[in-house]
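Trainee: One structure, as structure tokens, below. Some questions next.
The values are calculated or read from the model by the stated rules, or taken from the named source; none is laboratory data. Values in this document were obtained by computation on a predicted structure and should not be read as measured data. With ideal geometry, Cβ positions are generated from the backbone for all residues, glycine too; neighbour counts draw on all protein chains shown. All accessible areas refer to the heavy atoms of the entire protein, side chains included, with ligands and DNA or RNA removed. Shrake-Rupley method; radii C 1.70, N 1.55, O 1.52, S 1.80 Å.
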Amino acid sequence: MKDSRTNPIPVEEALRIVLQAATSLPIQSVPLSEASGRVLAEEILTDADQPPFPKAMMDGFALRSADLGRLPAELAVVEEIPAGRLPSRGIGPGEASRIMTGAPLPEGADAVQMMERTEPAEGGKVRILEAVAPGANIAPRGQEMRSGDRILFPGDRLTAPRLGLLASVGHPEVSVRRIPAVSLAVTGDELVEAGKIPAPGQIRNSNGPAVAARLRGLGAQVTEMGIVPDRPEALRETIRRGLRDDMLLLSGGVSMGDRDFVEGALEEEGVEILFRKVAIRPGKPAVFGRKGSCLVFGLPGNPVSSLVILEVLAAPALRKMMGHEDPEGRRMEAELVEEVRQHPGRTGYLPGTLSFLGALARVRPIPTRGSADLLAHSRADALFIVPADRSSIGAGERVRVLVLE
Ligand code: AMP
Ligand code: MG
């Protein structure tokens, strides 16, 4: 490997190193109530046809469509079939059964006419006011799924409809990857917590809440270790605790300043450093290493840099640990609305807002003062990528976009 102590490595190479180091966590079985947002670790097959019987999709009358040759048609109502009950008999010519949504269709019926297009008639009959085609308002058996169909796959994230599917095919429990345990510490003698008035020279810790929130959004179990002073012993103590988890993130203290002790402290604690600098803007000083099964990120202290490195490098590692099919997150192409410029040499991840003009995705750059401009970053719903060898991208050119969640 190139010496990344002096030479920043390209983003793609950093991502490759991170994804190679990340391994998927063990599988466990959890009830559906604990499975939301987690990643499926097994293949799911249906246990029966769905629907299991031809069923009414409307409240109305089950009938033979051929009986509606002349309208209105009066049919004898032979029974009432609520959802959850089998019909006690079929229907013959000139007959109909009152039927509720979800109820099984009686033998002989080939359509349901909705209640609103009927009216009661003398002598226990119903008057059908409009014709229906054969099959109308009926879901045939197995229309949605056939018994034995493969419907969910390892790597699928468990969204609300997928949890519904699991229940509908008889899975009260499901195999998922263990939730990653992540420790987060922020470093800096200048930092105070949000509830404090900063003394002269101090600033509030914004990385702690921001990074923790994003980690939780990704599905991690986060331990916030708080603010650590810029002292090697304090850092080492924090690192020792954090290394027990699946991932440890530290923010700040990874630049070239006299008080940037993070990398040294990591090495003292036996962390193998895999890279130290990445050719990315913002976020060049980005440290990555591992010890045993714990992955370690030293995020740059500047608020936007720390969130960008989290999004571009740490989030893919977490997704891979959780078993995601596509660890790199949602990417797309979009047309840049306004020209942007940069000093070439590093890949830019710049804040933008996405919009759609018909089928065309467009991204509008948000003016930013750079790696400390959390306000500009807070307005972005996407980062668009300016390749390292480009000094500008013109309006109308296509760019790659990383969608922020
Ligand atoms: P560092 O990487 O420690 O040199 O920090 C770079 C810049 O980010 C400095 O201006 C720090 O004051 C600022 N910074 C570091 N950590 C935080 C934090 N947790 N919240 C907000 N700003 C921070
Ligand atoms: Mg610092």
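Trainee: Quick one: His324 ticks every box in (1) more than 15 Å from ligand 2 (Cβ to nearest atom); (2) in a loop (DSSP other than H, G, I, E, B); (3) without any contact (Cβ under 8 Å) to a residue 60 or more places away in the chain bar one, so which box is it?
Mentor: Condition (3) is where His324 drops out.
Trainee: In region 309-324, what count of residues is obtained for those that are closer than 18 Å to Thr347 by Cβ and away from ligand 1 (no atom under 13 Å from the Cβ)?
Mentor: Total satisfying the criteria: 6.
Trainee: I'm told Leu75 meets every condition in (1) under 30 Å from Gln221 (Cα atoms); (2) in a strand (DSSP E or B) except one. Can you identify the failing condition by its number?
Mentor: So Leu75 meets the others, but not (1).
Trainee: Check Ile239 against each of (1) more than 15 Å from ligand 1 (Cβ to nearest atom); (2) out of contact with any Phe, Trp or Tyr (no Cβ under 9 Å at 6 or more places or on another chain); (3) among the aliphatic types (A, V, I, L, M); (4) within 20 Å of Thr6 (Cα to Cα) and name the one condition it does not meet.
Mentor: Of (1) more than 15 Å from ligand 1 (Cβ to nearest atom); (2) out of contact with any Phe, Trp or Tyr (no Cβ under 9 Å at 6 or more places or on another chain); (3) among the aliphatic types (A, V, I, L, M); (4) within 20 Å of Thr6 (Cα to Cα), only one is false for Ile239: (4).
Trainee: Also, I was wondering about something else. Within region 202-221, track down each residue that is near ligand 1 (Cβ under 10 Å from one of its atoms) and free of Cβ contacts under 8 Å to residues at least 24 places away in the same chain.
Mentor: Gln202, Ile203, Arg204, Asn205, Pro209
Trainee: Answer yes or no: is there a residue in region 234-246 that is under 30 Å from the mean Cα position of the chain (by Cα), open to solvent by less than 50 Å² (accessible area, probe 1.4 Å) and within 16 Å of ligand 2 (Cβ to nearest atom).
Mentor: yes
Trainee: Let me ask you something else. Taking the condition of being outside any loop (DSSP other than H, G, I, E, B) and open to solvent by 30 Å² or more (accessible area, probe 1.4 Å), how many residues in region 351-405 meet it?
Mentor: 14
Trainee: Still on this model: Between residues in region 353-381 that are at pLDDT below 95 and residues that are in a loop (DSSP other than H, G, I, E, B), which pairs lie under 7 Å by C-beta distance while being six or more apart or on different chains?
Mentor: Pairs that qualify, where the first residue is at pLDDT below 95 and the partner is in a loop (DSSP other than H, G, I, E, B), are Gly370/Pro282.
Trainee: Quick one: in region 254-283, which of the residues that are away from ligand 2 (no atom under 15 Å from the Cβ) and open to solvent by 40 Å² or more (accessible area, probe 1.4 Å) is nearest to Glu405 (Cα to Cα)?
Mentor: Arg281
Trainee: Filter region 209-221 for residues that are open to solvent by 20 Å² or more (accessible area, probe 1.4 Å) and touching a helix residue (DSSP H, G or I) at 6+ places or on another chain (Cβ under 8 Å); which is nearest to ligand 2 (Cβ to nearest atom)?
Mentor: Ala210
Trainee: Sticking with this structure for a sec: Do you know which of the residues in region 359-405 that are of a type in the set (Asp, Glu) and away from ligand 1 (no atom under 16 Å from the Cβ) is nearest to Arg330 (Cα to Cα)?
Mentor: Residue satisfying both the conditions and the ranking: Glu405.
Trainee: Right, next: Can you name the condition, by its number, that Arg236 falls short on among (1) of a type in the set (Lys, Arg); (2) over 30 Å from Arg157 (Cα atoms); (3) free of Cβ contacts under 8 Å to residues at least 24 places away in the same chain?
Mentor: (3)
Trainee: Filter region 168-202 for residues that are open to solvent by 10 Å² or more (accessible area, probe 1.4 Å), within 18 Å of Met322 (Cα to Cα) and in a strand (DSSP E or B); which is nearest to ligand 2 (Cβ to nearest atom)?
Mentor: Per the stated criteria, the residue is Ala181.
Trainee: Residues being open to solvent by less than 50 Å² (accessible area, probe 1.4 Å) and of a type in the set (Lys, Arg): count how many of those fall in region 315-336.
Mentor: Matching residues across region 315-336 total 1.
Trainee: Test of understanding: among Ser206, Ser305, which residue is surrounded by 15 or more Cβ atoms within 10 Å (Cβ to Cβ), small (Gly, Ala, Ser) and under 30 Å from Asp389 (Cβ atoms)?
Mentor: Ser305 is the lone residue from the list that is surrounded by 15 or more Cβ atoms within 10 Å (Cβ to Cβ), small (Gly, Ala, Ser) and under 30 Å from Asp389 (Cβ atoms).
Trainee: Here is a further query. Would you check which residues across region 5-29 are part of a strand (DSSP E or B) and surrounded by fewer than 16 Cβ atoms within 10 Å (Cβ to Cβ) and list them?
Mentor: Result: Ile27, Gln28, Ser29.
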